[in-house]
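First comes the structure, then the notes that go with it.
The values are calculated or read from the model by the stated rules, or taken from the named source; none is laboratory data. All of these numbers come straight from a predicted model, not from anything done at the bench. Here the Cβ is made from the backbone with ideal geometry for all residues, glycine too, and neighbour counts use every protein chain on show.
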């Protein structure tokens, strides 16, 4: 009787040891980086041309739940557009950089090879025109978008498009709106 209890206990311990690494391998966080094009929209596109976008983030969530939290640090640089004045002559607008720190909610839809998701959030955006002596200004903003993650061997890749709106006073140049389209890697 004691031998059979020991055998069953040993088999149970071995079975649990085999399950434990799979359970531990399910992380509840992820780090990611991405880069791509930053496309100005609305009135902002009248003065700025497409530039580039870089994002780094920390995502937190429970592997079995579709809802998660993500904290982003963003950097976008827009190229100044050359505008022809009515009286003649050209005026080149300065480059503009937009940095920000955002808190987001993410909802992931089920998927096998590609996993689509929606993301929405808000945060503080710091805007600065590339003009000597001009100071940067921080304002509240929001974002919403969608993307998809897909497996790349040991890592995961993703593609994402997001709308960003920065609420600014008229004397500061008005609201800024842009859409970065990025590719990235999740660690």
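Listed values, structure above:
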read-out	value
Residues being at pLDDT 85 or above, farther than 19 Å from residue 176 by Cα and part of a loop (DSSP other than H, G, I, E, B) - total across region 92-112	2
Subset of region 113-122 [over 30 Å from residue 134 (Cα atoms) and in a strand (DSSP E or B)]	114, 115, 116, 117, 118, 119, 120
Subset of region 38-48 that is part of a strand (DSSP E or B) and surrounded by 15 or more Cβ atoms within 10 Å (Cβ to Cβ) - its residue that is farthest from the chain's Cα centre (by Cα)	48
Verdict on residue 87 being out of contact with any strand residue (DSSP E or B) (no Cβ under 9 Å at 6 or more places or on another chain) and within 30 Å of residue 173 (Cα to Cα)	yes
Qualifying residue in region 158-177 (condition: more than 19 Å from residue 41 (Cα to Cα), surrounded by fewer than 16 Cβ atoms within 10 Å (Cβ to Cβ) and modelled with pLDDT of 95 or more)	no
Some residue of region 12-31 being surrounded by 13 or more Cβ atoms within 10 Å (Cβ to Cβ), outside any helix (DSSP H, G or I) and modelled with pLDDT of 50 or more	yes
Tabulated pairs, region 114-133, first over 25 Å from residue 173 (Cα atoms), second surrounded by 18 or more Cβ atoms within 10 Å (Cβ to Cβ), C-beta under 6 angstrom, 6+ apart or interchain	115/108; 115/149; 117/106; 117/108; 117/147; 119/104; 119/106; 119/145
Members of region 70-91 that are exposed (fewer than 14 other Cβ atoms within 10 Å of the Cβ) and either farther than 21 Å from residue 176 by Cβ or in contact with a helix residue (DSSP H, G or I) (Cβ under 9 Å, 6 or more places away or on another chain) (or both)	83, 84, 85, 86, 87, 88, 89, 90
